[in-house]
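Asks: What follows is a single structure, and I will ask about it in a moment.
The values are calculated or read from the model by the stated rules, or taken from the named source; none is laboratory data. Computed from a predicted model, the values in this text were never measured in an experiment. Note: ideal-geometry Cβ built from the backbone for every residue, glycine included; neighbour counts use all protein chains shown. Only protein heavy atoms, including side chains, enter the accessible area calculation; ligands, DNA and RNA are left aside. Shrake-Rupley method; radii C 1.70, N 1.55, O 1.52, S 1.80 Å.
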Amino acid sequence: MEKLITLPYPDNGLEPVISAQTISFHHGNHLQTYVNNLNNALPNSGLENLPLTEIVKQSTGAIFNNAGQTLNHNLYFLQFKSPTENNSPQGKIASLIDTQYGNFDQLKKQFTQQSTTLFGSGWVWLSLTKDNKLEISQEPNAQNPITRGNTPLLTIDIWEHAYYLDYQNKRAEYINNFWKIINWDVINSRIA
Ligand code: MN
């Protein structure tokens, strides 16, 4: 049985980047529904005793969709903290970014480009490949680069429910503000 994660901040803790109303619906309703659907589908699937990451890697169909969305949202919500201007990466992730992209602005530019152009519902991920290279990818629906053996580090939810109450059709503004609430200590903790 999966459980709804507890957020490490209050519903209004990410304002004004993401409103309390969005967090309340997104975590308390959307994510809760994925968790419930997963728990309803798991019994007798042969996957019910596996950790969530393994369920995502080994499942298809409705179980994959709900397990993927549960994992994706867990990683999304747990990577945030209260907003700060000029919030920038530190430590291991900063070194990887500088080595591979030259600087944080270049990484942001490429990640933003992928996020603004993703067609339909999905996610944009920053992940680490098996040979320790950063990779930015557009993933449709419930997909996660963990299914290719990558380690997921950072993600933006591009499903409209993630930003529509706060930004309506202004997706670029949501993406631009997203960088202010990234907890880079959490991102570093995801690097093996
Ligand atoms: Mn979502």
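Asks: So, with +1 on the Cβ of K and R and -1 on the Cβ of D and E, and no other charges, what is the size of the charge dipole of the stretch 76-175 about its Cα centre, to the nearest 20 debye?
Replies: About 200 debye.
Asks: I've got another one for you. Restricting to lysine pairs 8 or more places apart or on different chains, what number in the stretch 2-135 have Cα atoms under 24 Å apart?
Replies: Count of close lysine pairs: 15.
Asks: With the cut-off at 1.5 for a/c, could you classify the stretch 55-168 from its C-alpha gyration tensor as rounded, prolate or oblate?
Replies: oblate
Asks: From the residues 91, 1, 101, which one has its Cα farthest along the dipole of the chain in the positive direction, the dipole being from +1 and -1 charges on Cβ of Lys/Arg and Asp/Glu about the Cα centre?
Replies: The Cα lying farthest towards the positive end belongs to 101.
Asks: Remind me, relative contact order of the chain in percent, using alpha carbon pairs under 8 angstrom and six or more residues apart?
Replies: 25 percent
Asks: Compute the Rg to Rh ratio over the chain from the alpha carbon atoms, using the Kirkwood formula for Rh, and round to two decimal places.
Replies: The Rg/Rh ratio comes out at 0.95.
Asks: Return one whole number: the accessible area per residue of the chain in Å², for a 1.4 Å probe.
Replies: Each residue of the chain exposes 48 Å² on average to a 1.4 Å probe.
Asks: Ignoring ligands, DNA and RNA, please state the percent of accessible area on the stretch 1-111 from carbon and sulfur, probe 1.4 Å.
Replies: 49 percent
Asks: How large is the dipole of the chain about the Cα centre if only Lys and Arg carry +1 and Asp and Glu carry -1, each at its Cβ, rounded to the nearest 20 debye?
Replies: Magnitude of the dipole: close to 320 debye.
Asks: Once you keep just the Cα pairs under 8 angstrom separated by 6 or more residues, what percentage relative contact order results for the stretch 4-78?
Replies: The value is 32 percent.
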